[in-house]
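K.L.:
Sending over a structure as structure tokens; questions will come in a sec.
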Amino acid sequence: MRLLLLAAAALVLTVESPVLHAADPTPLKALPAIDPAAVLAHVKTLASDAFEGRAPGTPGEEKTVAYLVETFKKLGLKPGNPDGTYVQKVPLVGITPAAAPLTITGGTGAGPAKLAWRDDVVAWTKRVTDEVKVDASELVFVGYGVQAPEYGWDDYKGVDVAGKTLVMLVNDPPVPDPASPSALDPKVFGGRAMTYYGRWTYKYEIGMKHKAAAVLIVHETGPAGYPFAVVQGKTGEQFTFVTPGNSMDRAAIEGWITLDAAKALFSRAGQDFDRLKAQAATRAFRPVPLGLTASMTIRNTLRRIESQNVVARLEGSDPAVRDEHVVFTAHWDHFGIGEPIDGDKIYNGAKDNATGTAALLETARAFTRLPKPPHRSILFLSVTAEEQGLLGSEYYAAQPLYPLAKTLADINMDALNVSGRTRDLVIIGLGASQLDDYARAAAKEQGRTLKPDAEPEKGFYYRSDHFNFAKVGVPALNTDEGVDFVGKPASFGAEVRERYTNDRYHKPSDEVTPDWDLSGLAEDVQLLFAVGYRVAQADAYPAWSPGNEFKAIRDAQLKAAGK
């Protein structure tokens, strides 16, 4: 999915804009400030060992939900659920797989080869059943596993893959730009920017569509955006929705294999991995039967729970529009207690996402400190099971507590800046909607600029809760920390990102450390607060940009609602 940059100049909200009609001229510096010390205090509580890593369906969830509800009550916010409670129940089932090898037969090997659980292969099922298996299922390499008619792309040409085990590459096909072969073609799969076709969620979905027995993605750290250690975190309990059919239409087994295991597998099949990978980046690619079979049996432990989205509401001051909402989101969950790393088994999730949850609470506090609530109502939504595949926000989008057609925007806060002030702010998917105009105006008041995502190939637009609002038409804003840090060398931003990704992301080491500096976080959250406040005050709904993939959904939604 390609997100187009707006041609509009920066919006100044004190003057009527040809794009947006802001009804409130209050300058940002006159709005309530975000206190970094208060944010840090929340983070230290939420990311403490006492909260056990905040996994859904654990005592850590109960402590987290109680803390959020208590804080919202102290702030004087009303229950966000129209039933009079601060929670929205989210029915989930936890599936814990037992360790099992993947057995490969055929090819040049003298006997079967076994890919070791966790070291070579990480696999699971989303089927709600005690056991799943594939037995002598034929392996087929399907390149990037993509069917994208708008790009004339089909990795399944003429081959029935029902009942087979599909081996796929991660990310989008990297199609060279004819004008500059060293670059990627911006007209195909967004160039450098990952589209939804590159996400692992799509690859399992397309495998289900083709009735595959199993789908295995080859892990490569660069294209995936994280090391294999992150995938290894999926060897424990994973959650999925409770569906009428118990998800039995999905592939029996979904998973990842390491790059080394994939190369050995292809060699056993008499194929050169690198050569086939290069072919897979062309439209001419056709599926390649590998002449191997795969067998695997996974036995599961099942646990049904009712997890909880926590939701509070500030009622708008204008009776004519108080049934319309601006939503702020942040996921409260992390991975709980898991596989020990360096002797530590609590995945505290301090940056991801105690920072966003704490910022949500302090944003709520800022709204309560306004002399008068904004015209429209504000919803503060802390969602569950983001780390399980954005499940809490997906559930809200499917079962909204307030009409989506009267939801003006979602402003999401996830894994915020803990390294100091920046002269810039990164917008994931910059140019997607008029929300960027609001953000640009607020940034200008702070003496800062907006920048696009520096790593669009990692698909961050599809990796946080705002995406589920975008999918149902609601303009959504998601930011990342800036890269130009005040008082730091030019390389500091990239170094911070690399260290976090390699050393702390989804690991027990994601804890509060003495070097944290939340001054930049406070500025970022102040900007997001201003965006939400001004959207809630504005005369017009913010719109998706012309050509954006979600615009048609929103237009139809508003038309059906008579707007």
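K.L.:
What's the number of the condition Trp544 fails, among (1) out of contact with any helix residue (DSSP H, G or I) (no Cβ under 9 Å at 6 or more places or on another chain); (2) on the phi < 0 side of the Ramachandran plot?
P.N.:
So Trp544 meets the others, but not (1).
K.L.:
For Gly520, are the conditions met, namely being out of contact with any Leu (no Cβ under 7 Å at 6 or more places or on another chain) and among the small types (Gly, Ala, Ser)?
P.N.:
yes
K.L.:
Let me ask you something else. Can you report the number of residues in segment 134-148 which are surrounded by fewer than 15 Cβ atoms within 10 Å (Cβ to Cβ) and either within 17 Å of Arg286 (Cβ to Cβ) or touching an Asp or Glu at 6+ places or on another chain (Cβ under 7 Å) (or both)? Reasoning before the result, please.
P.N.:
In the first step, residues of segment 134-148 are kept if they are surrounded by fewer than 15 Cβ atoms within 10 Å (Cβ to Cβ); the result is 135-136.
Still in the running and either within 17 Å of Arg286 (Cβ to Cβ) or touching an Asp or Glu at 6+ places or on another chain (Cβ under 7 Å) (or both): none.
Residues flagged as surrounded by fewer than 15 Cβ atoms within 10 Å (Cβ to Cβ) and either within 17 Å of Arg286 (Cβ to Cβ) or touching an Asp or Glu at 6+ places or on another chain (Cβ under 7 Å) (or both) within segment 134-148 amount to 0.
K.L.:
Right, here's the next one. Within segment 298-344, restricting attention to residues that are among the acidic types (Asp, Glu) and in a strand (DSSP E or B), which residue is farthest from the chain's Cα centre (by Cα)? Write out each step before concluding.
P.N.:
Let us first name the residues in segment 298-344 that are among the acidic types (Asp, Glu), namely 306, 315, 318, 323-324, 333, 339, 342, 344.
Narrowing the set further to residues that are in a strand (DSSP E or B) leaves 306, 339, 344.
Working: Glu306: 22, Glu339: 23, Asp344: 26 Å.
If we take residues in segment 298-344 being among the acidic types (Asp, Glu) and in a strand (DSSP E or B), then Asp344 is farthest from the chain's Cα centre (by Cα).
K.L.:
With the structure loaded, tell me whether Gly191 is at pLDDT below 90 and either buried (at least 21 other Cβ atoms within 10 Å of the Cβ) or not in a loop (DSSP other than H, G, I, E, B) (or both) or whether it fails that test. Reasoning before the result, please.
P.N.:
Working: at pLDDT below 90: yes; either buried (at least 21 other Cβ atoms within 10 Å of the Cβ) or not in a loop (DSSP other than H, G, I, E, B) (or both): no.
Answer is no for this residue.
K.L.:
Checking Pro186 against (1) closer than 20 Å to Ala294 by Cβ; (2) surrounded by fewer than 22 Cβ atoms within 10 Å (Cβ to Cβ), which test does it fail?
P.N.:
Of the numbered conditions (1) closer than 20 Å to Ala294 by Cβ; (2) surrounded by fewer than 22 Cβ atoms within 10 Å (Cβ to Cβ), the odd one out for Pro186 is (1).
K.L.:
Would you tally the residues in segment 452-469 being of a type outside the set (A, V, I, L, M) and more than 26 Å from Ala398 (Cβ to Cβ)? Let's see the steps before the verdict.
P.N.:
Step one: list which residues in segment 452-469 are of a type outside the set (A, V, I, L, M), which gives 452-453, 455-469.
Keeping just the survivors that are more than 26 Å from Ala398 (Cβ to Cβ) gives 452-453, 455-458.
Looking only at that region, the number is 6.
K.L.:
Those residues that are more than 16 Å from the chain's Cα centre (by Cα), surrounded by fewer than 24 Cβ atoms within 10 Å (Cβ to Cβ) and either at pLDDT below 95 or aliphatic (A, V, I, L, M) (or both), I need them from segment 380-412; list them, please.
P.N.:
Within segment 380-412, Ala398, Leu401, Leu404, Ala405, Leu408 qualify.
K.L.:
Residues of segment 405-420 being farther than 19 Å from Phe460 by Cα, in a strand (DSSP E or B) and among the hydrophobic types (A, V, I, L, M, F, W, C), which ones?
P.N.:
Step one: of segment 405-420, the residues farther than 19 Å from Phe460 by Cα are 405-408, 419-420.
If we keep only those that are in a strand (DSSP E or B) as well, we get 407-408, 419.
Scanning segment 405-420 gives a single hit, Leu408.
K.L.:
Please go through segment 278-312 and pick out each residue that is of a type in the set (Lys, Arg) and touching a helix residue (DSSP H, G or I) at 6+ places or on another chain (Cβ under 9 Å).
P.N.:
Here is the first cut: in segment 278-312, the ones of a type in the set (Lys, Arg) are 283, 286, 299, 303-304.
Within segment 278-312, Arg283, Arg286 meet the criteria.
K.L.:
For segment 140-150, state whether one or more residues are of a type outside the set (S, T, N, Q) and closer than 30 Å to Leu361 by Cα.
P.N.:
As a first pass, look at segment 140-150 and keep what is of a type outside the set (S, T, N, Q): 140-146, 148-150.
Of the ones still in play, those that are also closer than 30 Å to Leu361 by Cα are none.
There is no residue in segment 140-150 that is of a type outside the set (S, T, N, Q) and closer than 30 Å to Leu361 by Cα.
K.L.:
Can I ask one more? Suppose we keep only residues that are within 29 Å of the chain's Cα centre (by Cα) and among the hydrophobic types (A, V, I, L, M, F, W, C) within segment 141-160. Which one would you say is farthest from Gly198 (Cα to Cα)? Before the answer, list the steps.
P.N.:
Residues of segment 141-160 within 29 Å of the chain's Cα centre (by Cα): 141-156.
Pick out the ones that are also among the hydrophobic types (A, V, I, L, M, F, W, C) and you get 141-142, 146, 148, 153.
Details: Phe141: 16, Val142: 14, Val146: 8, Ala148: 11, Trp153: 13 Å.
For segment 141-160, the residue satisfying everything is Phe141.
K.L.:
Another question, then. Which one of Ala366, Ala278, Ala320 is under 30 Å from Leu184 (Cβ atoms), surrounded by fewer than 24 Cβ atoms within 10 Å (Cβ to Cβ) and hydrophobic (A, V, I, L, M, F, W, C)? Spell out the reasoning first.
P.N.:
On the way: Ala366 fails: under 30 Å from Leu184 (Cβ atoms); Ala320 fails: under 30 Å from Leu184 (Cβ atoms).
Within the list Ala366, Ala278, Ala320, the selection yields Ala278.
K.L.:
Name the residue that is modelled with the lowest pLDDT, counting only residues in segment 107-123 that are in contact with a helix residue (DSSP H, G or I) (Cβ under 8 Å, 6 or more places away or on another chain) and surrounded by fewer than 18 Cβ atoms within 10 Å (Cβ to Cβ). Before the answer, list the steps.
P.N.:
Filtering segment 107-123 for residues in contact with a helix residue (DSSP H, G or I) (Cβ under 8 Å, 6 or more places away or on another chain) gives 107-109, 113, 115, 117-118, 120-122.
Subsequent filtering for residues that are surrounded by fewer than 18 Cβ atoms within 10 Å (Cβ to Cβ) retains 108-109, 118.
Values: Thr108: 88, Gly109: 75, Arg118: 96.
Going through the qualifying residues, I end up with Gly109.
K.L.:
Quick one: how many residues across segment 356-399 are part of a loop (DSSP other than H, G, I, E, B) and in contact (Cβ under 8 Å) with a residue 40 or more places away in the chain?
P.N.:
Step one: list which residues in segment 356-399 are part of a loop (DSSP other than H, G, I, E, B), which gives 369-376, 384-385, 389-390, 399.
Going one step further and asking which of them are in contact (Cβ under 8 Å) with a residue 40 or more places away in the chain, we end up with 369-370, 372-376, 384-385, 389-390, 399.
Total meeting the criteria: 12.
The values are calculated or read from the model by the stated rules, or taken from the named source; none is laboratory data. Quantities reported herein were computed from a predicted structural model and do not represent experimental measurements. Cβ sites come from the backbone with ideal geometry, for glycine too, and all protein chains shown count toward neighbours.
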